Amino acid sequence: MIKLAPFFLTFGQLTAVHAHPAGEVGCESAVIAVRAVTLSSIPVTTSYSRAIESLQSASATVKPSLTGTILTELPSGAFTRDPLNAPGATTISKPLYPNETPLNPGPTEAMDPVSVNIFQPIQTGRPPLAIPARNDHPVRKQHITDVDVPIETNKFYANFFLGSQGFPVWTHPYSLAWTKGSGGSYGMAISHTTRERFAFGPDPNKPQFFVSPLGIHHIVLSADELKADTSLTVEHTEAFSTYVNLRPNSLAGTRILMSFPVVQGMGMVTAMYDKAKPVIKTTVFFRSLNYMKLVNDVTHKYRIVLNDGSHWLLYATPIGSIGTPPFILENSTTITGPTNFLGRIQVTKNPSGEDAESTFDYSAGAYAISATVSGTANGPFGSYTLSWKKGGVGDRPLLMYALPHHVESFDQRTQAALKNITLVTTTKGFARAIVADQMTMVENDLPNTIGFAPWTKNPNGAAGGSEYINLNSQAVALINQAGISELSQAMIPQTSLNSMYFSGKGLAKFATIIYTMNSLTGNSQYAATGLDRLKDAFNVFVNNTQPEPLVYDTIWKGIVSGASYKPPYDLGLDFGNTAYNDHHFHYGYFVYTAAVIGHLDPDWLGQGSNKAWVNSLVQDFANPVTDEFFPFQRSFDWFHGHSWAKGLFESGDGKDQESTSEDTFATYATKMWGKIIRDPNMEARANLQLAVQARSLRNYFLLTQDNKNQPAQFLPNKATGILFENKIDHTTYFGGKIEYIEGIHMIPFNPSSAYTRSRQFVQEEWDTYFSNGRAEQAEGGWKSILKSNQALIDPQASYDFFANPNFNEPLDSGASRTWYLAYSAALLGAIKIGVQEGPQMNYAMPGQPLEPVQPIQSVQSGPVVSGPLPFSPQDAGTRTQSQSPVAQSTWPVGFTWPTKSGGVPVTTPTSTPTPTQTGSSTMDMSNDRRVASSIATPDMSWALQDKDNEVVGAQNLRTGGWNGQNVAANEFANVEEGKSDDEWEYELDCDDEDGEEDGSW
């Protein structure tokens, strides 16, 4: 049978060549051969005379170090700015007129069915021309063979091409590191540490962090020819994989000595040798090397035992030779192989004893090259499949490792491929082996019912949930008061900043207020005025005239801030946006804002480059394909189930993410944008991604007491803080206060928060850190963040906090009292619906009793409908003015009403007046529209009350009906005299201050 080995190898290696990911379409094999090592059939030229079948053992003369090193500090390039306070933003009031024409939201139903595979292109063509191209990115592209293609900047292997190239890369459960001369080797170190080696500190019993040590090199695959002039390059940088190549500089441009296909979850580390002498080293010390047998008719198996007691398997598949390739245990640190070895060496750790070796044997000789993801979704049901391209022995299945969130969602077929082999990962619990060429995960609770409105999960953990737009009249009045006050702030001074992050937060804040006033309180005409201003503020960015304009980077291929392109070339500006940090955080706010604008004004989508500009942002951080201009899913990692925020910065502990809530918000924003532009694949893809994120967060980030994945002593921390690939640190980049650490996983509070943050977790977190008045001790905007989050478990307390007549708390620059009131009121209503008979809910100001249920008159149907809801889902008819949410309101106590323009006094109410109104309002619930018709409002001067640091009071207020008659401006006495509205509607030209010419398309 041994004579047939070359035939099997020919078949296997041809499979490897054809499965190799092409760098460019039509790339010929001769070009590939100069790059990564490809092993194809060649004549037999070598005969190994005999196998080394006896057990080889070595005695260590010194004790190996098993401690390694740990990095307790956060990595360099940390960005310490508080994410709540926008630099340079100014709160300036601007008179707010109600618009004569109410808003008319557009349809949200998808025009086309979802594709069989929802990973479909968003759009074709280059980004809008308002974003200039530049080819001088401040981070040089080095050590990457791929030319003029989009590069994955935020993926797990970036340490191979960034900085010193000396930090590890984590494939899970293994890590790989280029030794660069350490221990006399220039090869690839393979490490797997168990939790007994982890460092917990500073108090091991109540740790702030835990970290796996670096520098414990269990197996190092190298070659005798690799010396000090060795260079490492990568190619085929894809979403789940890359090729790593090693060669002496003397061979540059000719051939590579060793190539490693590096794939997330790979069960064996594979090295392909091109006529080199294998040298295998360890820092843990070899105890024994034993040749076992021939497996798969072509692959030779060795067993290695290290000094720490761990068992490893080595599989050698020679090409163009017969016989067993001899590997000799030279001493406790070195194993050598045959000279001019052409073939593959694979190593894997066996944690499960000799009985499990048959599983490894069965897959030996086959290895993963790369992976693709496909997915489908239908309403609340979805699934996604990771499929691996395979090289080597083509008729053997792969051995891969799945993370806990994969395993708990496997379909039946993948479940059957599970093996009883587990290896602990650094920060993702225990990975389990599967023997398969693909794995499919099923999600049966997609958030397809989440929209713009407050949303809550179904009770008792059941799948699904519902939006709640029904608010009591008192809540509506208070929300209107806050909304008009907050919309009376000039938008551009709060949104056109030198930071994409803070600018986006400001835009999203105003978008949420406008949606709330239009769709939750029915105050469409004031919302329409606000929307006009929001479109002007958003247009600053579409025209690229903000203080730090965007550029399209033709080197790495993406849209980045131009801030770091000019002296002092500080990559830390705007949280590292220029170097691809946090793009999903930053751009998600813009995408959400655009979704609200497009929903409330569908015509806006077809104007200018609005739609294309927003689509380009989505492509930058969430492209569902790799195209000419952007890589696939820059931020989100479909293997880990969450995004990585770190871009082009090397890091000793790998990629990291600090804010899970802004991660999920970016996905929610993409979902809503897909819904509004009627792209069913984008919406479905984001629904599936949100489901995967919720699962991943529950398993790894938001730690309940029954979590089985993270170390038990770490669980009391609740939110992880910063999760790296190699450690978890319960802190933030900007400070160690508990409200920072937990709160960064809360912002921004949005409809998907109730989906991604389970009630169990929120309750445990609250009881651990914030109950019994401790939340009220938080400083700055963090107090309001904590209290808004409280709505998920105690909406009454949350509502009472924001409804306090003396409310004067600072807010996050991306948050509004309007939305906090609306969300807590809606969730309170949802609870009341669940416990009362029928859809009854009521609100009172803090300290006031609930008002009695009032009937709602349905003009269309005639009979009185019981219930206090101003917007009843069962009643899509016309609401009479006597049941207007404003008509039933309780007005602010002790407020001095101003005088109308022209000296006409406004009726001064007593402490709790109820103004009379006439007219009616119609609402078309089928399209989520509310059209005002002949509505007269009460005097709205109360809406102009504001905090001490904002405009105080309103002077010369003129007000009229919601039908647009006799409506005039709110004129503020303390607005700077002579400053026109246009001075705040400024545009900033894009100047090239350093004199360099911008690139052009």
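Out of curiosity, is HIS172 more than 23 Å from GLU235 (Cβ to Cβ), touching a residue at least 12 places away in the same chain (Cβ under 8 Å) and buried (at least 21 other Cβ atoms within 10 Å of the Cβ)?
Details: more than 23 Å from GLU235 (Cβ to Cβ): no; touching a residue at least 12 places away in the same chain (Cβ under 8 Å): yes; buried (at least 21 other Cβ atoms within 10 Å of the Cβ): yes.
In short, no.
Can you name the condition, by its number, that THR768 falls short on among (1) touching a Lys or Arg at 6+ places or on another chain (Cβ under 6 Å); (2) not in a helix (DSSP H, G or I)?
(2)
Is it the case, given these coordinates, that PHE200 is among the aromatic types (Phe, Trp, Tyr), out of contact with any Lys or Arg (no Cβ under 7 Å at 6 or more places or on another chain) and not in a loop (DSSP other than H, G, I, E, B)?
yes
Could you check, for the range 319-327, whether at least one of its residues is hydrophobic (A, V, I, L, M, F, W, C), assigned to a loop (DSSP other than H, G, I, E, B) and in contact (Cβ under 8 Å) with a residue 12 or more places away in the chain?
Yes, the conditions are met somewhere in the range 319-327.
Conditions: (1) without any contact (Cβ under 8 Å) to a residue 40 or more places away in the chain; (2) of a type outside the set (S, T, N, Q); (3) in the same structural domain as ASN687 (by TED's automatic domain parsing). LEU418 meets all but one. Number of the miss?
In the conditions (1) without any contact (Cβ under 8 Å) to a residue 40 or more places away in the chain; (2) of a type outside the set (S, T, N, Q); (3) in the same structural domain as ASN687 (by TED's automatic domain parsing), LEU418 misses (3) alone.
For the structure I just gave you, tell me whether TYR733 is of a type in the set (Phe, Trp, Tyr) and not in a loop (DSSP other than H, G, I, E, B).
Answer is no for this residue.
Name every residue in the range 184-197 that is buried (at least 17 other Cβ atoms within 10 Å of the Cβ) and either among the polar types (S, T, N, Q) or in contact with a Lys or Arg (Cβ under 7 Å, 6 or more places away or on another chain) (or both), in order of residue number.
SER185, TYR186, SER191, HIS192, THR193
Regarding the range 728-745, can at least one residue be identified that is among the acidic types (Asp, Glu), in contact with a strand residue (DSSP E or B) (Cβ under 9 Å, 6 or more places away or on another chain) and either outside the structural domain of SER175 (by TED's automatic domain parsing) or at pLDDT 95 or above (or both)?
Yes: the range 728-745 contains one or more residues that are among the acidic types (Asp, Glu), in contact with a strand residue (DSSP E or B) (Cβ under 9 Å, 6 or more places away or on another chain) and either outside the structural domain of SER175 (by TED's automatic domain parsing) or at pLDDT 95 or above (or both).
Where the second residue is of a type in the set (Lys, Arg) and the first is in a loop (DSSP other than H, G, I, E, B) and lies in the range 385-413, which pairs have Cβ atoms under 9 Å and are six or more apart or on separate chains?
From residues that are in a loop (DSSP other than H, G, I, E, B), the pairs are ARG396/LYS390; PRO397/LYS390; LEU398/LYS390; LEU403/LYS428; LEU403/ARG432; GLU408/ARG695; SER409/ARG695.
Conditions (1) within 22 Å of THR704 (Cβ to Cβ); (2) in contact with an Asp or Glu (Cβ under 8 Å, 6 or more places away or on another chain), marked per residue:
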{"residue": "GLU764", "(1), (2)": "yes, no"}
{"residue": "TYR769", "(1), (2)": "yes, yes"}
{"residue": "GLY773", "(1), (2)": "no, no"}
{"residue": "GLN777", "(1), (2)": "no, no"}
{"residue": "GLY781", "(1), (2)": "no, yes"}
{"residue": "LEU792", "(1), (2)": "yes, no"}
{"residue": "PHE802", "(1), (2)": "no, no"}
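Can you say whether PHE260 is under 27 Å from the mean Cα position of the chain (by Cα), modelled with pLDDT of 95 or more and assigned by TED's automatic domain parsing to the domain that holds TYR302, as far as the supplied structure shows?
No; evaluated as a whole, the condition is false for this residue.
When you scan the range 477-504, how many residues do you find that are more than 20 Å from TYR515 (Cβ to Cβ) and in a helix (DSSP H, G or I)?
4
Which one of these does ASN135 not meet: (1) over 19 Å from THR282 (Cβ atoms); (2) crowded, with 22+ Cβ neighbours inside 10 Å?
Unmet for ASN135, out of (1) over 19 Å from THR282 (Cβ atoms); (2) crowded, with 22+ Cβ neighbours inside 10 Å: (2).
Would you pick out the residues in the range 791-810 that are of a type in the set (S, T, N, Q), surrounded by fewer than 23 Cβ atoms within 10 Å (Cβ to Cβ) and either in contact with a Gly (Cβ under 7 Å, 6 or more places away or on another chain) or under 13 Å from LEU827 (Cβ atoms) (or both)?
Selection gives GLN796 alone.
Those residues that are under 46 Å from the mean Cα position of the chain (by Cα) and basic (Lys, Arg), I need them from the range 281-326; list them, please.
Scanning the range 281-326 gives LYS281, ARG287, LYS301, ARG303.
Just name the residue that is surrounded by the most Cβ atoms within 10 Å (Cβ to Cβ) out of those in the range 372-405 that are of a type in the set (Gly, Ala, Ser) and more than 24 Å from ALA110 (Cα to Cα).
GLY392
Any residue at all in the range 437-457 that's among the hydrophobic types (A, V, I, L, M, F, W, C), part of a helix (DSSP H, G or I) and either surrounded by fewer than 19 Cβ atoms within 10 Å (Cβ to Cβ) or in contact with a helix residue (DSSP H, G or I) (Cβ under 8 Å, 6 or more places away or on another chain) (or both)?
Taking every residue of the range 437-457 in turn, none turns out to be among the hydrophobic types (A, V, I, L, M, F, W, C), part of a helix (DSSP H, G or I) and either surrounded by fewer than 19 Cβ atoms within 10 Å (Cβ to Cβ) or in contact with a helix residue (DSSP H, G or I) (Cβ under 8 Å, 6 or more places away or on another chain) (or both).
Please find, among ASN518, ASN544, ASN523, the residue that is surrounded by fewer than 24 Cβ atoms within 10 Å (Cβ to Cβ) and either in contact with a strand residue (DSSP E or B) (Cβ under 9 Å, 6 or more places away or on another chain) or in the same structural domain as GLY483 (by TED's automatic domain parsing) (or both).
Step by step, each of ASN518, ASN544, ASN523 is checked, and only ASN544 is surrounded by fewer than 24 Cβ atoms within 10 Å (Cβ to Cβ) and either in contact with a strand residue (DSSP E or B) (Cβ under 9 Å, 6 or more places away or on another chain) or in the same structural domain as GLY483 (by TED's automatic domain parsing) (or both).
Those residues that are β-branched (Val, Ile, Thr) and touching a Leu at 6+ places or on another chain (Cβ under 8 Å), I need them from the range 515-561; list them, please.
Answer for the range 515-561, where residues must be β-branched (Val, Ile, Thr) and touching a Leu at 6+ places or on another chain (Cβ under 8 Å): THR521, THR529, VAL540, THR545, ILE559, VAL560.
Does LYS646 fit the bill of being modelled with pLDDT of 95 or more, crowded, with 24+ Cβ neighbours inside 10 Å and farther than 20 Å from GLY735 by Cα? Don't jump to the end; show me each part of the working.
Numbers: modelled with pLDDT of 95 or more: yes; crowded, with 24+ Cβ neighbours inside 10 Å: yes; farther than 20 Å from GLY735 by Cα: no.
No.
Scan the range 274-300 residue by residue and report those that are in a loop (DSSP other than H, G, I, E, B), of a type in the set (Val, Ile, Thr) and farther than 15 Å from THR324 by Cα. If you could, list the steps in order and put the result at the bottom.
Initially, the range 274-300 is screened for residues in a loop (DSSP other than H, G, I, E, B), giving 277, 282-285, 296-298.
If we keep only those that are of a type in the set (Val, Ile, Thr) too, we end up with 282-284, 298.
Hits for the range 274-300 are THR282, THR283, VAL284.
Which condition does GLU408 not pass, out of (1) surrounded by 16 or more Cβ atoms within 10 Å (Cβ to Cβ); (2) more than 20 Å from the chain's Cα centre (by Cα), if it passes all the others?
Every listed condition holds for GLU408 apart from (1).
List the number of the failed condition for SER616; all other conditions in (1) farther than 25 Å from HIS405 by Cβ; (2) surrounded by fewer than 19 Cβ atoms within 10 Å (Cβ to Cβ); (3) among the hydroxyl-bearing types (Ser, Thr, Tyr) hold.
(2)
Residues of the range 753-765 being part of a loop (DSSP other than H, G, I, E, B) and of a type outside the set (D, E, K, R), which ones?
SER758
Of all residues in the range 231-258, how many are assigned to a strand (DSSP E or B), among the polar types (S, T, N, Q) and surrounded by fewer than 24 Cβ atoms within 10 Å (Cβ to Cβ)?
Taking the range 231-258 as the starting set, the residues that turn out to be assigned to a strand (DSSP E or B) are 231-235, 241-248, 258.
Right, trim to among the polar types (S, T, N, Q) and you get 231, 233, 241-242, 245.
Keeping just the survivors that are surrounded by fewer than 24 Cβ atoms within 10 Å (Cβ to Cβ) gives 231, 233, 245.
Result for the range 231-258: 3.
The values are calculated or read from the model by the stated rules, or taken from the named source; none is laboratory data. Quick caveat, the model's predicted, so the values are computed rather than measured. Because the Cβ atoms are built from the backbone with ideal geometry, glycine has one as well, and the counts that use them run over all protein chains shown.
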